[in-house]
Amino acid sequence: MMKKSFIFYFLIACLGFRTDSVSEQPVICEISKVEIPVMAHLAVAMDGTVLLFREEREKKRIEVKRSKDGGVSWSEFEAVGKRIKIADDMSDDGRYKGEHVGWTELANVVINENNGDVMVFAAGLKSVQYLFRSQDNGMTWSKEKINIKPDKNGWYATTYCCDPGITIKHGKNKGRLLMPSQVFVGPINSDGSRTYLNKGQNRKFFGKRYSNALYSDDGGKTWIHSEPFPILGTSEPSLCELNDGSIYYNARTHIRKGNKQIGISLDSGQTWVKANEDKVLFDGPPDEYGCKAAVVKIPHPEKDIILFSSPGRRDKRDDITINLSMDGGKTWPKKRLLKVGPGNYTWMAAGRKGTPSEGMIYLVSNKDWMARFNLSWVLEKE
């Protein structure tokens with residue numbers, strides 16, 4: 001008990017909170033059921049409206065429901081936009097079955113903090129040249145054409161199964177939109193066309209896939225690929241901006257045992273350096289294949305507070321656990337179990353100052369549940 005109490009108050013002191021004020025802050029951790037048929041996403045609009053997105057295959061569309069009171073109550077799910085046909089073969093060499101194959105699904109979400117626009121991306125194993133945009137905090141949506149340029153190797157990345165994008169707040173590229181992305185590499189055919197593969201063709205190209213990022217300097221009209229992340233075999237990445245303007249990058253790995261692959265960018269997401277294996281954050285389960293995790297930066301004027309969510313077990317994707325870093329991902333001194341049972345993929349978003357969402361962290365799992373909690377709960381003595 002002495003050790004746990006010491007760690008608790010040490011963490012609070014490092015975060016810059018007074019211990020008496022923390023004890024007065026209510027501890028919030030609420031878990032609720034929500035139907036997530038395939039994949040999900042979370043975002044908090046500039047007015048504090050919490051937006052929960054999901055792919056609804058039966059209705060052939062992306063949907064959203066909204067909370068204007070910080071996640072206490074919610075609207076019903078409503079349409080964002082209908083799925084879009086993808087010209088290329090998206091079957092993964094015949095592995096994927098069903099009438100949805102060859103059509104887009106929910107891929108990624110970005111809040112443009114320059115003007116408040118909410119942008120939703122749809123994709124498959126490659127991106128499409130469209131997005132859905134809302135200019136009223138997620139109430140209404142329009143489909144618009146965009147220009148995504150191929151990367152230096154001629155491939156188109158996808159943001160499917162990746163974490164949300166961000167708006168750069170520091171440096172000469174302030175205002176840039178930046179999204180984590182991944183490239184499903186396959187064969188280049190004799191006519192110059194390309195086949196995008198996941199596990200298809202007996203995983204022949206599995207180790208050649210890579211993660212990267214897409215960035216836009218014109219409000220989301222044009223998107224450019226970053227350099228590939230230096231470690232091959234990575235996918236489903238997350239990223240966030242630290243207070244010094246550097247970008248923290250965290251990716252799943254498909255071809256090796258161990259922990260998450262991490263790195264940083266010193267040029268607002270154009271290139272990546274210091275790529276290495278994290279010393280703490282387990283990448284699975286399974287160990288040899290990994291699992292998508294989620295990363296969110298918690299606003300703080302001095303500390304680089306990052307939360308990381310992933311399955312807490314090593315034998316199956318259960319027991320979603322929250323890890324806390326106070327130094328931009330260098331160390332992870334505290335973790336706490338959020339929910340026992342099925343968890344699998346997760347996505348997170350942080351509330352906005354001066355709105356009903358302030359101080360809250362939102363998490364959704366594609367195992368039909370979501371949570372809202374605060375930093376007081378993460379730091380609470382167990």
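The residues listed here are Met348, Met326, Met370; of these, the one that is touching a helix residue (DSSP H, G or I) at 6+ places or on another chain (Cβ under 7 Å) and buried (at least 19 other Cβ atoms within 10 Å of the Cβ) is Met326. For segment 70-77, the condition holds for no residue, the condition being that it is under 30 Å from Pro230 (Cα atoms) and among the β-branched types (Val, Ile, Thr). Flag: Phe121 does not match the condition of being of a type in the set (Phe, Trp, Tyr), at pLDDT 95 or above and in contact with a His (Cβ under 6 Å, 6 or more places away or on another chain). Cβ-Cβ contacts under 6 Å between residues 6 or more apart (or on different chains), taken from a first residue in segment 273-301 that is touching a residue at least 12 places away in the same chain (Cβ under 8 Å) and farther than 18 Å from Ile247 by Cβ to a second residue that is surrounded by 14 or more Cβ atoms within 10 Å (Cβ to Cβ) and of a type in the set (Asp, Glu), are listed as Gly290/Asp283; Lys292/Glu236. When Pro187 is tested against the conditions (1) surrounded by 13 or more Cβ atoms within 10 Å (Cβ to Cβ); (2) out of contact with any strand residue (DSSP E or B) (no Cβ under 7 Å at 6 or more places or on another chain); (3) under 28 Å from Leu242 (Cα atoms), the lone failure is (3).
The condition (being out of contact with any strand residue (DSSP E or B) (no Cβ under 7 Å at 6 or more places or on another chain) and closer than 19 Å to Lys297 by Cβ) is satisfied by just one residue among Asn173, Asn114: Asn173. For segment 337-382, a residue qualifies if it is hydrophobic (A, V, I, L, M, F, W, C) and in contact with a Gly (Cβ under 8 Å, 6 or more places away or on another chain), and the qualifying residues are Leu337, Met360, Ile361, Leu375.
Would you confirm, using the coordinates I've provided, whether Trp155 is farther than 22 Å from Glu55 by Cβ, of a type in the set (A, V, I, L, M, F, W, C) and assigned to a loop (DSSP other than H, G, I, E, B)?
yes
The values are calculated or read from the model by the stated rules, or taken from the named source; none is laboratory data. Small disclaimer: the values here were computed from a predicted structure and weren't measured. Ideal geometry is used to build each Cβ from the backbone, glycine not excepted, and the neighbour counts take in all protein chains shown.
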